[in-house]
Amino acid sequence: MGNIVKLSISQKSEVIKRIDERLNGKLGLNLKLPDELKSFSSDLNAVEVDLSFNESDNGLLGIQYNQAVLQNDELIELQYTEVNGVWLYQLNKVEKKKEVVEQEFKRFKNSKDYHIILDFLKEGGYELASGTQKVLKIEQYSYDEESKKSTNNFIQALSLEITEKDEIAGVLVFGENALIRFNGDEGTVIFNEGTPVIVPLGAGGKWKRCMADCIGCGGWESCIGGFSCLSACGSCNNPLSCVWCLGCAIASTSCLWKCRMCVSNSARPNECPV
């Protein structure tokens, strides 16, 4: 994640107005935004995000605004980003229905890698924290004002805390596959054919180009939703605070494996496919 952007009172007011017009007026999301006085507070945070994929993009820097909002009386996290005539949002929600959480946890326990994951954690002195399972629901949408084209994406994933001697040490996220992020680690553990492998997450340069090619989203306009989410993982040392970007990553574990040699310090850079 990039530099913090300081906003004046009038700038915050204008951002809130654009969010309301686009997300409520255009898309009908029924988000309850802060009233005018509250929008002047520190609740609306802004940071720079780099959304470039090629050198020719010349560092596409957008601004991401983060705000807690209400939707159908449920408090959720809104990430709203603007860059070069494109705007997008991401809504981060936690599933409230117990039967859905139980169903996803059961699916994880029946997965092919479940016992492999438990053995891997046990060897390192870790364990899954009982009762910490949550179901993450991520909704993404982007709109290009010039082409009038839009993209939609929905991700659902199970998360569980990992502990070491009763202290939180990381988090596991499970979708179709599983990944693990430990506190303070730059890499992320995925399971390739039953073998745990550490792969980079949130790197730049060839890694971003490889990921874009693998995901198949083409140029930055169509990749913007996924990468604005993934980019948050690169600088996140506390997995619990960046569990949402890990939720985005779980949808791309095969690409994380394919692009693992595309970082600057990789052991075998010749294996990078781009």
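Structural size metrics of the range 55-173, computed from C-alpha coordinates, are Rg and Dmax of 18.7, 54 Å. Shown here is the pair-distance distribution of the range 126-217: with all Cα-Cα distances grouped in 5 Å bins from zero up to the longest one, the shares run 3, 11, 14, 19, 22, 13, 8, 6, 2, 1, 0 percent. Taking 20 Å as the cut-off, the amide N atoms of the range 82-118 that come nearer than this to a point 7 Å along the Cα-to-beta-carbon line of Asn72 belong to 89-104.
Do any of Lys109/Lys134; Lys6/Lys206; Lys93/Lys165; Lys93/Lys134 go past 20 Å between their Cα atoms, and which? Pairs exceeding 20 Å: Lys6/Lys206; Lys93/Lys165.
For Lys93, the shell of other residues with beta-carbons less than 11 Å away shows a net charge of -1, using +1 for Lys and Arg and -1 for Asp and Glu.
The long axis of helix 114-123 is offset from the longest Cα principal axis of the chain by roughly 80 degrees. For Phe105, the accessible area of its heavy atoms, probed at 1.4 Å with every protein chain present, is near 50 square angstrom.
Ranked from largest to smallest solvent-accessible area, with a 1.4 Å probe on the protein heavy atoms, Met211, Met261 come out as Met261, Met211.
Angle of helix 206-215 to the longest C-alpha principal axis of the chain, folded into 0 to 90 degrees and rounded to 10: 90°. Gain on full extension, evaluated as 0.36 nm per residue between Glu193 and Glu102 minus their Cα-Cα distance, stands at 30.2 nm. With the largest listed first and rounded to whole Å, the semi-axes of the equivalent ellipsoid of the chain from the Cα gyration tensor are 31, 24, 16. Helix 98-109 and the longest principal axis of the C-alpha atoms of the chain enclose an angle of approximately 40°.
The values are calculated or read from the model by the stated rules, or taken from the named source; none is laboratory data. The structure displayed is predicted, hence computed values, not measured ones. We place every Cβ from the backbone using ideal geometry, glycine too, and count neighbours over all the protein chains shown. Surface areas here come from the heavy atoms of the whole protein model, side chains and all, with no ligands, DNA or RNA. Shrake-Rupley method; radii C 1.70, N 1.55, O 1.52, S 1.80 Å.
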